[in-house]
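Comments concern the structure below.
Rule-based calculations on the coordinates, nothing more; no lab input. Note that the structure is a prediction, hence the values are computed from the model and not measured. Every residue, glycine as well, gets a Cβ built from its backbone with ideal geometry; the counts of neighbours run over all protein chains shown.
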Amino acid sequence: VRIKVQSDDEQLQELCQAMNLAIKKKLEFTDCEYLIEVLAVGRSFAFVRV
């Protein structure tokens, strides 16, 4: 997932918790891209722009 430059990690964390996702790690060579992990199996997910 890619976030806007002015967004912060806390906003992404809150969004992930609401969608039953987790931030797995911050990607190398960038300050605004994260690898996310799906915590629930068999659910539909919407990708949201933060």
Legend entry - Virtual spin-label span in nm between residue 17 and residue 31, 7 Å along Cα→Cβ: 2.5 nm
Legend entry - Point-to-point label distance, residue 10-residue 24, nm (Cα→Cβ direction, 7 Å offset): 2.7 nm
